[in-house]
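Participant: Before I ask anything, let me first share the structure, which is written out below as structure tokens.
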Amino acid sequence: MLKIENLHVRVEGKDILKGINLEINAGEVHAIMGPNGSGKSTLSYILAGREGYEITQGSISFHGKDLLEMSVEERAWAGVFLAFQYPVEVPGVSNIYMLKAALNGIRKHKGEPELDAMDFIASVKSKMKDLDMDEKFLYRAVNEGFSGGEKKRNEILQMSVLEPTLCVLDETDSGLDIDALKIVSDGINRLRDPARAFVLVTHYQRLLDYIKPDFVHVLANGKIVKSGGAELALELEDQGYSWLEDKKAS
Amino acid sequence: MSASNENIKDMIGQQYKDGFVTDVESDSFAAGLNEDVIRALSAIKKEPEFLLEWRLEAYRHWLTMEHPEWAFVEFPKIDFQEISYYSAPKSMADGPQSLDEVDPKLIDTYNKLGIPLEEQMRLAGVAVDAVFDSVSVATTFKEKLYEAGVIFCSFSEAVKEHPELIKQYLGTVVSQYDNFYAALNAAVFSDGSFVYIPKGVRCPMELSTYFRINAANTGQFERTLIVAEEGSHVSYLEGCTAPMRDENQLHAAVVELVILKDAEIKYSTVQNWYPGDENGLGGIYNFVTKRAECRGDNAKVSWTQVETGSAITWKYPSVILRGDHSVGEFYSVALTNNYQQADTGTKMIHLGKNTSSTIISKGISAGHGQNTYRGLVKIGRKAENARNFTQCDSLLMGDQCGAHTFPYIETKQPSATIEHEASTSKISEDQLFYCMQRGISAEDAVSMIVNGFCKEVFKELPMEFAVEAQALLGISLEGSVG
């Protein structure tokens, strides 16, 4: 589904990613772990197409297409979804309006008709119930005045409504208490599907207690320094990142 | 974020759609202003003596007045002798008695603007008075309104048919000496709309006036007078467009609203005069005096305006809250793009006890646009427990534009409660990226964010106008969700 080859990225003259190689197949869950400043968030932004990053080398293909040639919206239409570390507030625009605009944007691109308003609302409401979100959130402005946990739940709600094929979750566990973490993880687990892949970007192992990854990659100094199965995350929990960073330096 | 700025520019920089010229023969006065011009104008309109005298008093006073320079707008000195003060399509000279007799070219003009005048074709149930240059060409649904006791007609017709009402109310809210442009308007106003809602009547339909400037080098000076008798209610809408021309044209209107005890007027404006081109050439100077007076207890007036057109907008729809418990509201969206300038706001003059006012102003500046909010909240000595809430928000797009806020507050009553909130923000890259990542195109994302910014004002507009206003800001509202 996704193939990253020798990706080099520079931001404001500084090399952040220095040769990333990663292949992700449908149905897989990959965790990207690493210390602060290792380039984890940069990688998620690159996948979503954010401006301000200079790609100096390498390529990314998504479903056989050149992802780097696609605009932000085109990537969303093609099935890329980024759950933001810091979801953005959009004053005056209700959650339901934005959800509908987004879903219809995607459906229009696929040549599908717009959803019937009643069916749409009913489907959104049932998804909110799963995430333990009050229906009143539909009519509140997007993320405005939401608590950290509410914002993260709202990201998962958007993800479940838009049904992307590649879900990139950037530090979704940050700022969540244990109950919220469980609700959000359950929401993500419900979306696991043979046709869908996940990239979980996280600093801590605790998210992986709830969402079991198929692969764990450690990112340090702009490179993947180690890859393994779910057990690698536990090793990191015990030993921290420094042994890997040192290894890379040697 | 250059790409997004391009998107924003495309979105607001859409071509002015109503810039065509209607090819009709007109009877116009030669340019110039003196007492003879005013006498000739009054004679064409077969006005009673009192009105001519009133015009002349205004003119003589105007001659003694200085052009006001305090607004935060810049334009070359206007030569008032270069303007023609009257222009009417020739076909209107004999005064068509019904729509069938109106020049099809005029009807076609309004059709092009989306304002069909044929009553049987109208589904919306909105009565329209169509003002073309200096005259009213048609007023629809007159008979149906008359059954309810409502008078809705052109100002000229009201002068002929209801001179006693005109004499009683004309100039009682905005006097013929009020200010430079109001005095000029009083001297040379050519037409406009008149509305009278009798005691206890709830007007059965929305009333609307559609102003169109067509002739070149002509000023448009119309006057609107609305009287809401005790316990009555009316919702009134006005729209404005003009052809694209390289010369600036002056539009100096006066609107007077009289609201008696327990009555309510809701007055909505979507102003889309030609704004000039992207280099600031041409466009309408929109210098308007609008004022409402709540004369009785529990009277209520609400001004809602969406100002997207005009090279310069300079106006302050105001409310005099004389009756106890009377309520004044002002909701405004003003957008300035390219070299447009707007200095707009309101005045809330609290005189009665327990009066309250609300001001919500949203300024959007793009290109080299300059957007100024100027507002006065004045609480008189006897206005016990008066309350005001003001919120002024500015949204900037790009780094060449400006937003300015000048709130004035004067209070002589210690029990008054006055709140003022102000904010200035930019459409952030984060917001755009977030919306686009969800599959919303850049253009729709900008529209959605701007729409969200203006939401508190748009919700005050009648449905048809809200749609037009959103379309004007380049916003397509799919469905009515949210």
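The values are calculated or read from the model by the stated rules, or taken from the named source; none is laboratory data. Computed from a predicted structure; not experimentally measured. Neighbour counts are summed over all protein chains in view; Cβ atoms, including those assigned to glycine, are modelled from backbone coordinates with ideal geometry. What goes into the accessible areas is simple: the full protein's heavy atoms, side chains included, and nothing from ligands, DNA or RNA. Shrake-Rupley method; radii C 1.70, N 1.55, O 1.52, S 1.80 Å.
Participant: Are there residues in segment B:430-450 whose accessible area shrinks by at least 40 Å² when all protein chains are included rather than the chain by itself, and which are they (probe 1.4 Å, ligands and nucleic acids not counted)?
Facilitator: In segment B:430-450, residues shielded by partner chains: B:D430, B:Q431, B:F433, B:Y434, B:M436, B:Q437, B:R438, B:G439, B:I440, B:M448.
Participant: What list of ³J(HN,Hα) couplings, whole Hz, do you get for segment B:359-364 from phi and the Karplus terms 6.51, -1.76, 1.60, once you set θ to phi - 60° and write x for glycine and proline?
Facilitator: Working through the residues one at a time gives 10, 10, 10, 10, x, 10 Hz.
Participant: In segment B:151-194, whose amide N lies under 20 Å from the spot 7 Å out along Cα-to-Cβ of B:L63? List them in ranges.
Facilitator: B:176-189
Participant: Taking both sides together, what accessible area is buried at the B/A interface, probe 1.4 Å, expressed in Å² and rounded to the nearest 100?
Facilitator: Chains B and A together bury approximately 2600 Å².
Participant: Just order B:449-457, B:158-166 by mean Cβ neighbour count inside 10 Å, highest at the front, would you?
Facilitator: B:449-457, B:158-166
Participant: Calculate the spin-label point distance for A:K65 paired with A:E114, positioning each point 7 Å from the Cα along the beta-carbon direction, and give it in nanometres.
Facilitator: 2.3
Participant: Rounded to a whole number, what % of the accessible area of segment A:12-63 do carbon and sulfur atoms account for, probe 1.4 Å?
Facilitator: Ligands and nucleic acids excluded, carbon and sulfur reach 40 percent.
Participant: First compute the accessible area of segment B:356-448 with a 1.4 Å probe, then give the percent of it belonging to carbon and sulfur atoms.
Facilitator: 45
Participant: Can you give me the Kirkwood hydrodynamic radius for chain A, using every pair of distinct Cα atoms, in Å to one decimal?
Facilitator: Across chain A, the inverse of the average 1/r is 18.8 Å.
Participant: Once both axes come from the Cα atoms, what is the angle between helix A:178-191 and the longest principal axis of chain A, in degrees from 0 to 90, rounded to 10?
Facilitator: Orientation of helix A:178-191: about 80 degrees from the principal axis.
Participant: Further question on the same structure: Average partner chain C-beta neighbours within 10 Å, per residue of A:47-59?
Facilitator: 2
Participant: Inverting the mean 1/r over all pairs of different Cα atoms, compute the Kirkwood radius of the protein assembly as shown and quote it in Å.
Facilitator: Final number for the Kirkwood radius of the protein assembly as shown is 28.7 Å.
Participant: Which percent, to the nearest 5, of DSSP beta bridges fully inside the protein assembly as shown are antiparallel?
Facilitator: For the protein assembly as shown, the DSSP antiparallel bridge percentage is about 20.
Participant: Averaged across the residues of A:136-143, what count of C-beta atoms belonging to other chains lies within 10 Å of each residue's C-beta?
Facilitator: The per-residue average across the peptide is 2.
Participant: Using modelled amide H (1.01 Å from N, peptide plane; none on Pro or chain starts), what sits under 5 Å from the amide H of A:A83, excluding residues fewer than 5 places away?
Facilitator: Under 5 Å from the amide H of A:A83: A:V168, A:L169, A:D170.
Participant: With a Förster radius of 45 Å, plug the Cβ-Cβ distance of B:K426 and B:T172 into 1/(1 + (r/R0)^6) and report the FRET value to the nearest 0.05.
Facilitator: That gives a FRET efficiency of 0.50.
Participant: How many Å² of accessible area per residue for the protein assembly as shown, probe 1.4 Å?
Facilitator: 40
Participant: Of the heavy-atom accessible surface of segment B:192-336 (probe 1.4 angstrom), what whole percent is carbon and sulfur?
Facilitator: Carbon and sulfur atoms account for 42 percent of the accessible area of segment B:192-336.
Participant: Taking R0 as 56 Å, what's the FRET efficiency between A:R206 and B:E53 from their Cβ-Cβ distance, rounded to 0.05?
Facilitator: Working from the Cβ atoms, E equals 0.05.
Participant: Run the helix sum for the protein assembly as shown: -39,500 (n - 2.57) per DSSP H stretch of 4+ residues, divided by residue count, reported at 222 nm to the nearest 500 deg cm²/dmol.
Facilitator: Helices in the protein assembly as shown give a 222 nm mean residue ellipticity of -8500 deg cm²/dmol.
Participant: Considering only A:F120, A:L232, A:S242, whose Cα is most displaced toward the positive end of the charge dipole of segment A:2-249, charges sitting on Cβ of Lys, Arg (+1) and Asp, Glu (-1)?
Facilitator: Towards the positive end, the residue furthest out is A:F120.
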